[in-house]
């Protein structure tokens, strides 16, 4: 396999393990182990806490060291955490293992993204991120499906097959990442996806990442860049506008406000996955030449429309509401096929070249924090009978995301125009104006990242 395929396969294997555990963790704690609902709720909370803490740290490490080695290490840690979850003899030990699991799973994400950015040319990055996103969705779904046949939530040991299989999935992901590292160190094997300006892959990129700011100074530096701030706002708003409600808020809304059957919720989730898999490649082909920030404008608009469809479903009968809910999940998926492939390349465009991993990690932490608060907000509004407020608030959130993405698009275009004009006057590249940094330094990324990858 070439480098792009290795990263995609590693993402699939890792999410295969993730999908085997997360759908069943609450019921396992409450029903199988009888540790109480408080412990059940804390499993999700501590998973998110581990993710919020680990993501920025992992991003900064990926800027300084080999992203491939780090990815293999984090995935190996996730495999060990899976076994620790099965071996836990008390609620506290299980919660500690869940904290470590959340940290390891989340830390692997920005390192894999840095691998893609370092080893795949700007013109192919969207395709690579699209394949990775599709592989992650398939891995999550396949993991949950397979585990569903083996999990016995009536037995204290009923989740052991899932924990063991999950550990195997993460171990496979770590092995694939290690294989990628071995290929990067061999001069004879050059991936056709590697950038001509960066033929050495992440080894050259890592060597160029000297003098990287550390700790809070790194994030102060990032916060001083207007385009990074705008991307952070857009990323957080889009996370709050859909992903924060995908697993809990939207199903609760469907069951309690639309009064649909539980099977309808399951069908909607299946349709969401099918649309992603079926349309991802086509959407990337159709939007390949569109600016990434412009696609985020479309994502916010599509998701705002989706919530308006749910608002309309509240004024129909349960049968029609169920059909609208299923169709809406398909429309949400169309936005997802645009969102995931552009976020990584867009980050590479606006972030300093020696802090791309830190930016990816920081954005992941922000999105995770917002997503963790999503179920709480949904529970308060829906239980208080404010379902319309719940829906319309998310319409407003997505429209605000679209507006901020439009401002980001205009800012990137102004920077590109100013850079081109400055270079035409014969100024050196490192003096060209931009968003507070030169986009072509650090890891050998070319000017194409500013135009095509964005």
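Read the figures in this text as sums done on the coordinates, not as results from a lab. The structure presented is a predicted model; accordingly, all values stated were derived computationally and were not measured. Please note: Cβ atoms are built from the backbone with ideal geometry, for glycine as well, and neighbour counts cover all protein chains shown.
Roughly how many nanometres apart are two label points built 7 Å out from the Cα toward the Cβ at residue 152 and residue 383?
Roughly 3.4 nm, to one decimal.
Test of understanding: ordering 34, 394, 65, 259 by Cβ neighbours within 10 Å, fewest first, what list do you get?
Neighbour counts put them in this order, fewest first: 34, 259, 65, 394.
First obtain the Kirkwood hydrodynamic radius of the stretch 309-412 from its Cα pairs, then insert it into the Stokes-Einstein equation at 20 °C and 1.002 mPa s, and state the resulting D in µm² per second as a whole number. Before the final figure, lay out the partial values.
Values: Rh = 16.4 Å.
Calculated translational D: 131 µm²/s.
At a temperature of 4 °C and a viscosity of 1.567 mPa s, determine how fast the stretch 331-392 diffuses translationally according to Stokes-Einstein, using the Kirkwood radius over alpha-carbon pairs as Rh; express D in µm²/s, rounded to the nearest whole number.
On the way: Rh = 14.1 Å.
The calculation lands on 92 µm²/s.
Among 159, 309, which comes first, then next, by fewest other beta-carbon atoms within 10 Å?
Numbers: 159 26, 309 15.
Placing the least packed residue first, the sequence is 309, 159.
Starting at 0 and stepping by 10 Å, how many percent of the alpha carbon pairs of the stretch 109-171 end up in each bin?
19, 36, 24, 16, 5, 0
Which order do 243, 131 fall in if you start with the one that has the fewest other Cβ atoms within 10 Å?
Details: 243 18, 131 22.
In increasing order of surrounding Cβ atoms, one gets 243, 131.
Quick one: what Rg and Dmax do you get for the stretch 1-185 from the alpha carbons, in Å?
Computed over the Cα atoms of the stretch 1-185, radius of gyration and Dmax are 16.4, 52 Å.
Run the quick spin-label model on residue 34 and residue 282: label points 7 Å from Cα toward the beta carbon, then report their separation in nm to one decimal.
Result for the modelled spin labels: 5.3 nm.
How many angstrom lie between the C-alpha centres of the stretch 122-153 and the stretch 380-399?
Using only Cα atoms to place each centre, the spacing works out to 30 Å.
Give the residues of the stretch 385-406 whose amide nitrogen is closer than 18 Å to a point set 7 Å from the Cα of residue 301 in the direction of its Cβ.
Under cut-off, by backbone N: 395-406.
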